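Okay, so here's the structure we're looking at.
The values are calculated or read from the model by the stated rules, or taken from the named source; none is laboratory data. Note that this is a predicted model, so its numbers are computed, not measured. Note that each Cβ is placed from the backbone with ideal geometry, even for glycine, and that neighbours are counted across all protein chains shown.
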Amino acid sequence: MSLLSIVVPCYNEQEMILLFYEKIVEILNQIKNYINFELIFIDDGSEDNTLELIKNISNKDSNVKYVSFSRNFGKESAIYAGLKKSLGDYVVLIDVDLQDPPELIIKMYDLIINSNYDCVATRRTSRNGEPAIRSFFARLFYKIINKISKVGIIDGARDYRFMTRKMVDSILNLKEYNRFSKGIFSWVGFKTKWLDYKNIKRASGTSKWSFWKLLVYSLDGITAFSTVPLAIASILGIILCFIAFIFICVIIVKTLVWGEVVGGYPTLICTIIFLGGIQLFCIGILGQYISKIYLETKSRPIYIVKEEDSIK
Ligand code: UDP
Ligand code: MG
């Protein structure tokens, strides 16, 4: 019988662990005659009782494995660790907060087995229950990144997905330190079936993403999957040179026709400030990429394990 690995990143989720476990086991029992499963919890350096709860479950149920990080490394690192630990012929990536309906696993399994998809992924068709300003910026982000990046990143795509071993192995082959999963999933290719569902509110606990964290994450996504911002500097430079050239012509003509003109102090100051701003902006873009190169060249590990289950 083949094996299904369920990878679950958890950060400060003590309210959710048991609820999630009961729910997922109930679902997996419906297909237990066709497929074995392992449940892999990744404790992403939680400060609450998350790890203790996971360990309790793991002691009672030998299908439950876990990895615990030495500190909070972020969901991307947790995903990588989980995929690496998984042994299954198929892997499901799912959030612990039950925002990803576990019932869908059955449907995903069905689709993978009975058609030739390598991956079944999910996307939200609505953003109900999310602050309007957050939805607005999320939409804007998808518009921008899809314009300037060659890999398509689908608006509303969740990390919740069912993948074959082949796809998981190719994701694991991308060992970059700056990980942006939505881009990575799409970059590796493979035939993907999209399932739509309406947004579901968290069963308990709070979202770990603040507006600021999301903004930084989206900038990381852009720099990881597009070099177009670097070109902006050159384009702005060309446009400004052109404007300057016209300006010079105007001044020459003015001087020839009306003689030497003094004044123009405000124009001068405005121009200097404007150019200074553009230069700083472009240096900032360069800085973004250089900082990413800097972090990659250090080749630091993506996560550090503090403890792990002893199931072999
Ligand atoms: N998560 C994680 N590390 C983090 C932040 C989040 O492992 O640094 C996990 C979290 O426990 C949850 C999933 O990632 O299982 C999604 O997080 P959350 O629900 O906060 O995100 P949202 O659904 O609001 O996008
Ligand atoms: Mg959530």
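Numbers for the structure displayed
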read-out	value
Helices (runs of 4 or more DSSP H) within the stretch 62-152 that include 3 or more residues more than 27 Å from Tyr303 (Cβ to Cβ) and away from ligand 1 (no atom under 11 Å from the Cβ)	104-114, 132-148
Subset tally (residues that are surrounded by fewer than 20 Cβ atoms within 10 Å (Cβ to Cβ) and small (Gly, Ala, Ser)) for the stretch 78-128	2
Tabulated pairs, the stretch 296-308, first under 10 Å from Ala81 (Cβ atoms), second at pLDDT below 90 and part of a loop (DSSP other than H, G, I, E, B), C-beta under 8 angstrom, 6+ apart or interchain	Ile302/Lys175; Ile302/Tyr177; Ile302/Arg179
Test for Asn72: is it surrounded by fewer than 18 Cβ atoms within 10 Å (Cβ to Cβ) and farther than 30 Å from Ser218 by Cβ	no
Criterion: of a type outside the set (Lys, Arg), surrounded by fewer than 18 Cβ atoms within 10 Å (Cβ to Cβ), more than 16 Å from ligand 2 (Cβ to nearest atom) and modelled with pLDDT under 85 - qualifying residue of Asn173, Asn178	Asn178
Residue list for the stretch 182-192, filter: in contact (Cβ under 8 Å) with a residue 24 or more places away in the chain and either assigned to a loop (DSSP other than H, G, I, E, B) or more than 30 Å from Ile113 (Cβ to Cβ) (or both)	Phe190, Lys191
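Listed here are the residues, each with its yes/no results for (1) away from ligand 1 (no atom under 16 Å from the Cβ); (2) touching a residue at least 60 places away in the same chain (Cβ under 8 Å); (3) assigned to a loop (DSSP other than H, G, I, E, B); (4) more than 18 Å from the chain's Cα centre (by Cα).
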residue: Trp194; (1), (2), (3), (4): yes, yes, no, no
residue: Lys201; (1), (2), (3), (4): no, yes, yes, yes
residue: Thr206; (1), (2), (3), (4): no, no, yes, yes
residue: Leu215; (1), (2), (3), (4): no, yes, no, no
residue: Ser218; (1), (2), (3), (4): no, yes, no, no
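Conditions tested, residue by residue: (1) within 28 Å of the chain's Cα centre (by Cα); (2) more than 16 Å from ligand 2 (Cβ to nearest atom).
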position	(1), (2)
Leu3	yes, yes
Glu22	yes, yes
Tyr34	no, yes
Ile42	yes, no
